[in-house]
Amino acid sequence: MFVTRFAPSPTGRLHRGHAFSALTAWSAAKAAGGRFVLRIEDIDPTRCRPEYEAGILEDLAWLGLDWERPVRRQSDHLGDYAAVIDALRARGLLYRCFRTRKDILNAIGDAPHGAMEAVRPGPHRAEEEARLLASGAAFAWRLSLDRAREALGEAVWHGMIFVEEGEGPDGVTGVLPVDPTAAGDVVLARKDTGVAYHLAVTHDDALQGVTHVIRGQDLFAATQVQRLIQTLMGWPAPTYRHHRLLAGPDGRRYAKRDRSVTLAELRAGGLTAEALRDELGFSCGG
Ligand code: GLU
């Protein structure tokens, strides 16, 4: 059974780019006679707000989409993610990181390849870690690429692949090799919430039986580290369909931070859902 999802973070109102992404996933599910899952990715308490979640439901319903209920809201399931962190810790794959963002940026600044280098700060020295722990300082859990590589063995480490049925940033498609080092020693549990995006998203894709991850090309790089986590956890590998990012009239892609015109504003201005669907290439009936 074909299962895909739309997984927005309620950090603002949806814009045309989101509508395009949601319609792409929803239409694919309809065309395949499959299931469409909506998931609210609200693990970042500093940026997510309930009113944005309500806005997402309102906007998607207005667009004419339907989805399975109940909708999974990640903040309701922090215990699930903590269990995965515990399992990875028990296998010795994670290390504590007390560094602040500023510490990391400073360290990168000193490195020969500057910001291009994926962040791999490495474990603290034992005495330092003990001192920081005793001081009650907050820490994140990072995935150790060295230990992951050791755990998986060379053949698996170099043999990871993913199937791209859409197109990557340079139009790449087909069976592609994974670069497990792409995100460095990625944070899997943040200091504040005990979970981070890559962990929550891979856990939920596996839990919800997502067979096709359909999302924008901006998340193509994320696929590399997500395939690594799936491999470490023995979770199934979904097929990926990265889609192009919608550009506005000025040629720049739609993004929340640019204060792109929201669907709510378009609606208030008199645009109909049908007209928007037409504009985005999804005419009646999906
Ligand atoms: N929640 C993520 C976002 O809003 C998308 C996650 C995904 O599609 O994998 O950008």
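Exactly one residue out of Leu188, Leu263, Leu219, Leu271 is without any contact (Cβ under 8 Å) to a residue 24 or more places away in the chain and touching a His at 6+ places or on another chain (Cβ under 8 Å): that is Leu219. Does Glu41 meet the test of being closer than 25 Å to Val195 by Cβ, over 17 Å from the mean Cα position of the chain (by Cα) and among the acidic types (Asp, Glu)? Criteria not met by Glu41. For Arg99, state whether it is part of a loop (DSSP other than H, G, I, E, B), in contact with a His (Cβ under 9 Å, 6 or more places away or on another chain) and either surrounded by 14 or more Cβ atoms within 10 Å (Cβ to Cβ) or among the aromatic types (Phe, Trp, Tyr) (or both). For Arg99, the condition - part of a loop (DSSP other than H, G, I, E, B), in contact with a His (Cβ under 9 Å, 6 or more places away or on another chain) and either surrounded by 14 or more Cβ atoms within 10 Å (Cβ to Cβ) or among the aromatic types (Phe, Trp, Tyr) (or both) - is met. Just to confirm my filter: which strands (runs of 3 or more DSSP E) fall fully inside the range 174-217 and include at least 1 residues that are within 12 Å of the ligand (Cβ to nearest atom)? In the range 174-217, the matching strands (runs of 3 or more DSSP E) lie at 212-216. In this structure, does Arg47 turn out to be within 9 Å of the ligand (Cβ to nearest atom), basic (Lys, Arg) and either within 13 Å of Asp66 (Cα to Cα) or out of contact with any His (no Cβ under 8 Å at 6 or more places or on another chain) (or both)? Against the criterion (within 9 Å of the ligand (Cβ to nearest atom), basic (Lys, Arg) and either within 13 Å of Asp66 (Cα to Cα) or out of contact with any His (no Cβ under 8 Å at 6 or more places or on another chain) (or both)), Arg47 does not qualify. Report yes if some residue within the range 22-31 is in a strand (DSSP E or B), surrounded by fewer than 20 Cβ atoms within 10 Å (Cβ to Cβ), away from the ligand (no atom under 13 Å from the Cβ) and modelled with pLDDT of 95 or more; otherwise report no. No: the range 22-31 contains no residue that is in a strand (DSSP E or B), surrounded by fewer than 20 Cβ atoms within 10 Å (Cβ to Cβ), away from the ligand (no atom under 13 Å from the Cβ) and modelled with pLDDT of 95 or more.
Determine whether Ala130 is small (Gly, Ala, Ser), closer than 28 Å to Arg244 by Cα and either assigned to a loop (DSSP other than H, G, I, E, B) or at pLDDT 95 or above (or both). No, not satisfied. Of the listed requirements (1) closer than 28 Å to Ser75 by Cβ; (2) among the hydrophobic types (A, V, I, L, M, F, W, C); (3) in a helix (DSSP H, G or I), Leu276 misses just one: (1). All conditions but one from (1) within 14 Å of the ligand (Cβ to nearest atom); (2) part of a loop (DSSP other than H, G, I, E, B) apply to Tyr52; the one that does not is (2). Quick one: which residue in Thr239, Thr223, Thr193, Thr202 is hydroxyl-bearing (Ser, Thr, Tyr) and at pLDDT below 95? Testing whether each residue is hydroxyl-bearing (Ser, Thr, Tyr) and at pLDDT below 95 leaves just Thr193. Looking across the range 47-81, the residues that are in contact with a strand residue (DSSP E or B) (Cβ under 7 Å, 6 or more places away or on another chain) and either basic (Lys, Arg) or surrounded by fewer than 13 Cβ atoms within 10 Å (Cβ to Cβ) (or both) come down to Arg72, Arg73. Taking the criterion of being more than 16 Å from Val37 (Cβ to Cβ) and free of Cβ contacts under 8 Å to residues at least 12 places away in the same chain, the residues of the range 59-86 that qualify are Gly79, Ala83, Asp86. For the range 17-37, the set of residues classified as closer than 22 Å to Leu276 by Cβ, touching a helix residue (DSSP H, G or I) at 6+ places or on another chain (Cβ under 7 Å) and not aromatic (Phe, Trp, Tyr) consists of Ala19, Ala22, Leu23, listed by residue number. All of Ala7, Ala19, Ala25 fail the test of being closer than 24 Å to Asp80 by Cα, aliphatic (A, V, I, L, M) and within 19 Å of the chain's Cα centre (by Cα), apart from Ala7. Entry remark, the range 58-69: residues being within 15 Å of the ligand (Cβ to nearest atom) and either of a type outside the set (Phe, Trp, Tyr) or in contact with a Gly (Cβ under 8 Å, 6 or more places away or on another chain) (or both) number 2 in total.
Looking only at the range 1-19, filter to residues that are within 13 Å of the ligand (Cβ to nearest atom) and part of a helix (DSSP H, G or I); which one of those is surrounded by the fewest Cβ atoms within 10 Å (Cβ to Cβ)? If we take residues in the range 1-19 being within 13 Å of the ligand (Cβ to nearest atom) and part of a helix (DSSP H, G or I), then Gly17 is surrounded by the fewest Cβ atoms within 10 Å (Cβ to Cβ).
Among the residues of the range 209-232, the ones that are more than 15 Å from the chain's Cα centre (by Cα) and surrounded by 16 or more Cβ atoms within 10 Å (Cβ to Cβ) come to 3 in all.
Quick one: would you say Tyr254 is within 14 Å of the ligand (Cβ to nearest atom) and closer than 19 Å to Leu60 by Cβ? Yes; evaluated as a whole, the condition is true for this residue.
The values are calculated or read from the model by the stated rules, or taken from the named source; none is laboratory data. A quick note: this is a predicted structure, and the numbers were derived from the prediction, not measured. Virtual Cβ from ideal backbone geometry, glycine too; neighbours counted across all protein chains shown.
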